[in-house]
Amino acid sequence: SYGAAMDELGCRDRQEIGRWANNRVENSHLPFRRRERAMLRFRQMKTLQKFASVHANIHNHFSLERHLVDRQTYKHRRSAALAEWQTLAS
């Protein structure tokens with residue numbers, strides 16, 4: 001939060017100041033920042049929406065959360081997803 005705004009509201013004493021005090025807010029805002037960064041490359045919003053809808057489906061298909069499963073399970077799921085993608089693409 002901004003000090004000037006807290007002064008104006010009269011609650012400067014409740015302001016938390018620290019190196020990582022704003023970290024939770026910034027991390028919750030990351031998906032919006034990623035979307036903004038992606039939008040910079042597109043000239044029209046319609047083109048971005050078209051790309052994003054296709055990308056979301058493909059990304060969800062291949063996003064297997066490697067950190068949650070063991071190597072053997074990950075490899076099995078990855079090869080199954082790739083085989084399914086190859087049948088859909090051909």
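Structure summary
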item: Nearest 10 degrees, 0 to 90: helix 45-62 Cα axis against the chain principal axis; result: 60
item: Residue 81-residue 23 FRET efficiency (beta carbon distance; Förster radius 41 Å; 0.05 resolution); result: 0.75
item: Accessible surface, per residue, of the chain when the full set of protein chains is kept, probe 1.4 Å, Å²; result: 95
item: Region 45-89: C-alpha gyration tensor shape, a/c 1.5 cut-off, then a/b vs b/c; result: oblate
item: At 0.890 mPa s and 25 °C, Stokes diffusion of the chain via Kirkwood alpha-carbon radius, µm² per second; result: 140
item: Accessible-area composition of the chain, carbon plus sulfur, in percent [1.4 Å probe]; result: 53
item: Crossing angle, helix 71-89 versus the chain [Cα axis fit, 0-90 degrees, rounded to tens]; result: 70
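The values are calculated or read from the model by the stated rules, or taken from the named source; none is laboratory data. Source: prediction; values computed, not measured. Methodologically, a virtual Cβ is constructed for each residue, glycine included, from the backbone with ideal geometry; neighbour enumeration extends over all protein chains shown. We work out accessible area using only protein heavy atoms, side chains counted, and drop any ligands, DNA or RNA first. Shrake-Rupley method; radii C 1.70, N 1.55, O 1.52, S 1.80 Å.
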